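**Q** My structure is below; once you've seen it, I'll send some questions.
The values are calculated or read from the model by the stated rules, or taken from the named source; none is laboratory data. If you're wondering where the values come from, they're calculated on a predicted model, not measured in any experiment. In this analysis, Cβ positions are derived from the backbone assuming ideal geometry, glycine residues included, and neighbour counts consider all displayed protein chains.
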């Protein structure tokens with residue numbers, strides 16, 4: 001959610017539709033960072049030279065938890081990031 005709000009704000013758009021989708025129960029994120037601190041720290045350390053944002057680390061970790069996933073992103077770093085150490089993250093990207 002933080003990445004979505006950041007990107008919308010960066011493009012001068014309001015995040016209200018995202019918040020409204022959450023409030024209406026149309027969008028649900030079943031991920032709590034505190035349950036994954038060691039893995040998030042591992043990813044942040046591994047990609048510190050890019051650098052990886054905390055939001056990116058959360059998305060990579062979520063892709064490790066849900067094998068049948070596809071990340072929607074405009075972030076080119078997702079072509080570099082690997083889940084479970086060496087596997088490409090399936091992405092949908094206009095870039």
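**Q** Got a sec? Which of 45, 64 is at negative phi, assigned to a helix (DSSP H, G or I) and exposed (fewer than 15 other Cβ atoms within 10 Å of the Cβ)?
**A** Step by step, each of 45, 64 is checked, and only 45 is at negative phi, assigned to a helix (DSSP H, G or I) and exposed (fewer than 15 other Cβ atoms within 10 Å of the Cβ).
**Q** Let me ask something else. Looking only at residues in segment 70-90 that are at pLDDT below 90 and not in a helix (DSSP H, G or I), which one is farthest from residue 2 (Cα to Cα)?
**A** Among residues in segment 70-90 that are at pLDDT below 90 and not in a helix (DSSP H, G or I), the one farthest from residue 2 (Cα to Cα) is 85.
**Q** Counting only residues that are under 19 Å from residue 78 (Cβ atoms) and more than 14 Å from the chain's Cα centre (by Cα), which one in segment 1-38 is surrounded by the most Cβ atoms within 10 Å (Cβ to Cβ)?
**A** Once the filter is applied, the top-ranked residue is 8.
**Q** Further question on the same structure: Might you let me know whether segment 34-42 holds any residue that is more than 17 Å from residue 7 (Cβ to Cβ) and in a loop (DSSP other than H, G, I, E, B)? Give the derivation first.
**A** Let us first name the residues in segment 34-42 that are more than 17 Å from residue 7 (Cβ to Cβ), namely 34-42.
From what is left, the residues that are in a loop (DSSP other than H, G, I, E, B) are none.
No, that holds for no residue.
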